[in-house]
Amino acid sequence: MNANDAQLTELTTAQSGSTVEDNAPNAPGQPAFDVVVEAVAGSAVGGSGAPYTLTVTAMDLTNVAAAPALKPTITNPQHFDLATGWKPSGPDFEYSQSFSITVPPGQYAGHVLQYVASLVNQNGQIVSIMESDPFVLV
């Protein structure tokens with residue numbers, strides 16, 4: 001990885017407490033699921049403490065509309081540091097964070113949804129965009 005770069009590598013939905021991708025993450029009828037975000041950063045960036053903004057948005061593909069009730073709460077700015085979750089991995093850094101999502105009863109049952117995430121540093125030199133596989137809530 002380039003020492004001065006970072007990128008999102010995975011954006012998935014999973015059963016609560018898991019990191020294994022699941023395209024029906026609240027089945028059978030669980031009240032919540034997790035959104036898992038993974039990223040990598042080069043040696044100069046990963047432990048630098050530099051700020052960035054992480055945005056994760058939910059889209060209801062069935063209704064072709066935003067799904068704000070499924071958006072995770074993320075405190076920004078995030079920072080490239082251990083406290084935020086950036087851990088050394090050889091010469092680079094890895095990041096993995098799970099965000100719990102409470103499913104509004106009946107609101108999205110049977111709908112196909114998808115997450116889109118972006119990571120953008122303050123000066124716009126690091127930009128990464130990722131979308132999850134579509135998934136269904138039951």
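A quick yes/no check of all residues on (1) exposed (fewer than 15 other Cβ atoms within 10 Å of the Cβ); (2) over 24 Å from residue 93 (Cβ atoms); (3) not small (Gly, Ala, Ser):
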site: 25; (1), (2), (3): no, yes, yes
site: 32; (1), (2), (3): yes, yes, no
site: 37; (1), (2), (3): no, no, yes
site: 45; (1), (2), (3): no, no, yes
Residues of the range 110-138 classified as surrounded by 19 or more Cβ atoms within 10 Å (Cβ to Cβ), assigned to a loop (DSSP other than H, G, I, E, B) and not β-branched (Val, Ile, Thr), total: 1
Close pairs from the range 5-27: first in contact (Cβ under 8 Å) with a residue 60 or more places away in the chain and small (Gly, Ala, Ser), partner buried (at least 16 other Cβ atoms within 10 Å of the Cβ) and not in a loop (DSSP other than H, G, I, E, B), Cβ under 6 Å, at least 6 apart: 6/41; 6/45; 14/34; 14/36; 16/33; 16/34; 24/136
Filtered residues of the range 86-127 (kept if closer than 15 Å to residue 44 by Cβ, in contact with a Phe, Trp or Tyr (Cβ under 8 Å, 6 or more places away or on another chain) and polar (S, T, N, Q)): 121
Any hit, the range 18-28, residues being hydroxyl-bearing (Ser, Thr, Tyr) and under 16 Å from residue 131 (Cβ atoms): no
Residue satisfying all of: in the range 48-69; in contact with a Pro (Cβ under 7 Å, 6 or more places away or on another chain) and in contact (Cβ under 8 Å) with a residue 40 or more places away in the chain; farthest from residue 96 (Cα to Cα) among these: 61
Residue within the range 92-107 that is under 22 Å from residue 14 (Cα atoms), of a type in the set (Val, Ile, Thr) and outside any loop (DSSP other than H, G, I, E, B) present: yes
Residue check for residue 16: among the hydroxyl-bearing types (Ser, Thr, Tyr) and under 13 Å from residue 101 (Cβ atoms): yes
Residues located in the range 11-48, provided they are in contact with a Ser or Thr (Cβ under 8 Å, 6 or more places away or on another chain), farther than 18 Å from residue 110 by Cβ and part of a strand (DSSP E or B): 11, 12, 14, 21, 34, 35, 36, 37, 38, 39, 40
Any hit, the range 70-87, residues being hydrophobic (A, V, I, L, M, F, W, C), more than 20 Å from residue 27 (Cβ to Cβ), surrounded by 16 or more Cβ atoms within 10 Å (Cβ to Cβ) and touching a Pro at 6+ places or on another chain (Cβ under 9 Å): yes
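Bear in mind these aren't lab numbers, they're just calculated from the coordinates by the rules spelled out. Predicted model only: the values in this text are computed from it and were never measured. In this analysis, Cβ positions are derived from the backbone assuming ideal geometry, glycine residues included, and neighbour counts consider all displayed protein chains.
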